[in-house]
Amino acid sequence: MAFDIAIGQYHHAESVIHRLDVRAKLTLLFGLIATVFLADGFIGLGVVALFVLIVIALSRVPVITILKALAPVSIFLLFPLLFNTFLAREGIEVFRVGFILITEEGLYKAGFMTLRLLLLFLTAALLTLTTSPIALCDGMAKMLEPFERFGVPAFEISLMASIALRFIPTLLEDFDRIRKAQQARGAVFDSGGVLARLRTLVPCLVPLFAQSFRKAEELANAMESRCYHGGSNRTHYHEFRLAWRDAVAAGVCLVLLLVMVFFF
Amino acid sequence: MLALEGVSYTYRSHEGDVTALKPLDLTIEDGTFLGIIGHTGSGKSTLLQLMCGLLSPSSGRVVVDGENIADKRVRNRLHLKIGMAFQYPEYQLFAPTVAEDIAFGPRNAGLSATEVDKRVRLAMERLRLGYERFAHASPFELSGGEKRRAALAGVIATDPKLLILDEPTAGLDPAGRSELLGIIEEFNRSGMTLVMVSHSMDDIARLANRVLVLKDGAAVMQGTPTEVFGRGDFLRSINLGVPQATEFAAELRAQGFPLPEGLLTLETLASAIAHELESGSVSRGI
Ligand SMILES: Nc1ncnc2c1ncn2[C@@H]1O[C@H](COP(=O)(O)OP(=O)(O)OP(=O)(O)O)[C@@H](O)[C@H]1O
Ligand SMILES: [Mg+2]
């Protein structure tokens, strides 16, 4: 396909991390983020890094895949690195040429900030690498469920999100086909200014919307003809059941948090 | 004339590579009606997209009137020579009115307003869409068959020499199907070269004068309809079949009713049976 994208870059593998309950994984993610922010020195960050490395090893996701997942955000790592290195004015001087001044403090800060950000990106990437988008969606909805009492339509949010996810590849396929059909009639998409380009999209977007509405209607009919209705009494095809490993994960996370609070 | 020289195509994706078309040599002379048949996933749509430059071959080259279409300048003018209608072409309709939608191609070709209007009227006439009735209607209000014809009018409005159709009759009722096939037959008779993919052996037998058979991305047979449909057993072995008339003739022959080979359409079958009955050789007991 012309638009070959990896949504959430989910990497399928058989591992403890993959099998963890989504809610446990989300808890772990937030716990790790908290520890990353709690750590106020390299030793603290080192402990978190060690933990993240263990999770990576357990997850059986190849290192190359993880690096690929990080590539698009690596530019954001560059900013704190460069800013802190070159803009720090206090501290012991290490190097000076003309107006360029590099201080020990600057280097320390640059290293610390970059490592911190890297760890945050890594944990977030680990979550999406080991959890399919659908599972992620369901898990989040499940965590929203207690708020249903306050009028949060958790179930509907989850349904909408999973339908949207399901239809992304279909939409891309439709778009590709329509674009080719218009191209065969002489439409040119890759020239002219922004406005001209937007105008050439009209012949593609109108049919795409028309098709999407038709598909939405078909889906609604299909669901209705199978007596679908939402609401709190529905059970899930994938039941969420917490297992001992989820408790272990949460426990480890808690220990890590406490260690961070008291020691670093 | 369109020629494919060792053209192959491989789709590349995350899940791995799929070779949809193995190296293929094919020449389509002007005026030909080429029918392409093959099981689902045999690479028919891929082949069509290679022919009109929507996909670039992984190997080999596509030559139209002596020019390689890998050349961007050649490809940019290709839509004037080659019209292509995908499966369910009505899903490409976008303009507020039928006439405007049909005008899309000619306008992209940079023709003058009067010339565009002339082309639109001609295309609608060729697709048997009354101008008064349909020109200012919204394409979304038409019936399925009318939408299909409006979309095809949009494809032939640039007056291409070669028209490529991917299952043009899919999803139409028998009347709509027969009407559309009649229209397509007229195109060919007026000198247009045609390439048509169809799952209906009857349609191919009725219209085509060359047939290409694809199996798993490879061309396993090429020839006249009589040659190709004469090998029913082979076709059935690759999930295809023969036209109903051919099948029926074979059944009759098996029952001892003498009929010649190579009967492809209902008309030729009927007259062969009538001839046989008149000549009296099978009058016993019938
Ligand atoms: N965009 C794509 N990405 C990856 N693989 C593809 C893509 N399009 C087609 N294929 C694969 O290429 C092969 C040939 O597909 P193609 O659409 O050409 O078959 P077809 O003969 O037109 O089938 P059908 O009769 O169902 O229309 C199939 O195995 C298909 O799965
Ligand atoms: Mg196809």
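Within the listed set B:LEU180, B:LEU172, B:LEU162, the residue fluctuating most in the Gaussian network model of chain B (springs between alpha-carbon atoms under 10 angstrom) is B:LEU172.
Say R0 is 51 Å: what FRET efficiency, to the nearest 0.05, do A:TRP244 and A:LEU87 get from their beta-carbon distance?
Taking R0 as 51 Å, the efficiency between A:TRP244 and A:LEU87 is 0.55.
Taking the longest Cα principal axis of chain B as reference, the axis of helix B:244-254 is set at about 10 degrees.
Using a cut-off of 19 Å between Cα atoms, the listed pairs B:LYS44/B:LYS215; B:LYS118/B:LYS147; A:LYS180/B:LYS72; B:LYS22/B:LYS44; B:LYS22/B:LYS215; A:LYS180/B:LYS22 include B:LYS118/B:LYS147; A:LYS180/B:LYS22 as exceeding that distance. All Cα-Cα separations within segment A:148-264 were binned at 10 Å from zero, giving a P(r) of 10, 23, 21, 18, 15, 12, 1, each value a whole percent of the pairs. Each residue, B:THR40 and A:ILE43, gets one label point 7 Å from its Cα in the Cβ direction; the gap between the two is 6.5 nm. The smallest convex shape that holds all Cα atoms of the protein assembly as shown, its convex hull, gives 255 Å³ per residue. FRET efficiency for the B:GLU185 to A:ALA57 pair, using the beta carbon distance and R₀ = 51 Å, is estimated at 0.15. What does the C-alpha gyration tensor say about the overall shape of segment B:127-277? Classify as rounded when a/c is under 1.5, otherwise prolate if a/b is larger than b/c, or oblate. Since a/c reaches 1.5 and a/b is larger than b/c, the shape of segment B:127-277 is classed as prolate. Computed over the protein assembly as shown, the per-residue total of -39500 (n - 2.57) for DSSP H runs of n ≥ 4 gives a 222 nm mean residue ellipticity of -17500 deg cm²/dmol, rounded to 500. FRET efficiency for the A:ILE157 to A:VAL94 pair, using the beta carbon distance and R₀ = 30 Å, is estimated at 0.05.
Of the residues B:SER178, B:LEU47, B:MET124, the one whose Cα sits farthest toward the positive end of the charge dipole of the protein assembly as shown, with +1 on the Cβ of Lys and Arg and -1 on the Cβ of Asp and Glu, is B:LEU47. The H on the amide N of A:VAL94, modeled in the peptide plane, is under 5 Å from the matching H of A:ILE102, A:THR103, A:GLU104, each at least 5 residues off or on a different chain.
Is segment A:53-126 rounded, prolate or oblate when judged by the Cα gyration tensor, a ≥ b ≥ c being the square roots of its eigenvalues, rounded requiring a/c under 1.5 and prolate requiring a/b larger than b/c? In terms of gyration-tensor shape, prolate. Of the trypsin sites (Lys or Arg not before Pro) found in segment A:8-103, those in coil by DSSP whose Cβ has at most 11 other Cβ atoms within 10 Å are A:ARG89. Across all directions, the shadow cast by the convex hull of segment B:1-117 built on its C-alpha atoms averages 9.4 square nanometres. Compute the separation of the alpha-carbon centres of segment A:176-223 and segment A:73-140 and state it in Å as a whole number. What the calculation gives is 40 Å, centre to centre.
The simple spin-label model puts a point 7 Å past each Cα toward its Cβ; for B:SER143 and B:GLU267 those points are separated by 2.5 nm.
For the residues of B:92-100, the average number of beta carbons from a partner chain within 10 Å of their own beta carbon is 4. Relative to the current alpha-carbon distance between A:PHE147 and A:ARG199, full extension at 0.36 nm per residue lengthens the span by 14.3 nm. Panel values: segment A:1-108, Kirkwood radius from alpha carbon pairs, Stokes-Einstein at 4 °C and 1.567 mPa s, translational diffusion coefficient 75 µm²/s.
Using equal-weight Cα scatterers in the Debye expression, the normalised intensity of chain B in log10 at q = 0.08, 0.10, 0.12, 0.13 Å⁻¹ is -0.39, -0.60, -0.82, -0.93. Length, then width, then depth: along the principal axes, the Cα atoms of segment A:112-173 run 42, 39, 16 Å. Size check on segment B:172-237: the Cα extents along the three principal axes, sorted descending, read 32, 27, 22 Å. Roughly how tilted is helix A:133-144, in degrees to the nearest 10 and between 0 and 90, from the longest Cα axis of chain A? Between the helix axis and the principal axis of chain A, the angle is about 80 degrees. Distance from the C-alpha centroid of segment B:114-163 to that of segment B:209-286: 36 Å, rounded to the whole angstrom. Of all segments of chain B bounded by trypsin sites (Lys or Arg not before Pro) found in a DSSP loop with no more than 16 other C-beta atoms within 10 Å, the longest spans B:129-230.
With 0.36 nm allotted per residue and the present C-alpha distance subtracted, the B:ASN68-B:SER237 stretch has 57.2 nm of extension available.
Any chance you could give the angle, 0 to 90 degrees and rounded to 10, that helix A:22-38 forms with the longest Cα principal axis of chain A? Result, in degrees: 30. Coordinate range of the alpha-carbon atoms in chain A per principal axis, descending: 69, 56, 37 Å. Put in order of Cβ neighbour count within 10 Å, fewest first, the listed residues B:ASP17, B:ASP101, A:ASP174 become B:ASP17, A:ASP174, B:ASP101. For segment B:221-267, the fraction of C-alpha pairs more than 12 angstrom apart is 61%.
Among A:CYS253, A:CYS227, sorting on how many other beta-carbon atoms sit within 10 Å of each Cβ, with the fewest leading, yields A:CYS227, A:CYS253.
Under the simplified labelling scheme, the B:THR19-B:VAL220 pair shows an inter-label distance of 1.6 nm, with each label point 7 Å from Cα along Cα→Cβ.
Each reported figure results from applying straightforward, stated rules to the coordinates on display, with no laboratory input. Note that the structure is predicted; figures quoted are calculated from it, not measured. Note: ideal-geometry Cβ built from the backbone for every residue, glycine included; neighbour counts use all protein chains shown.
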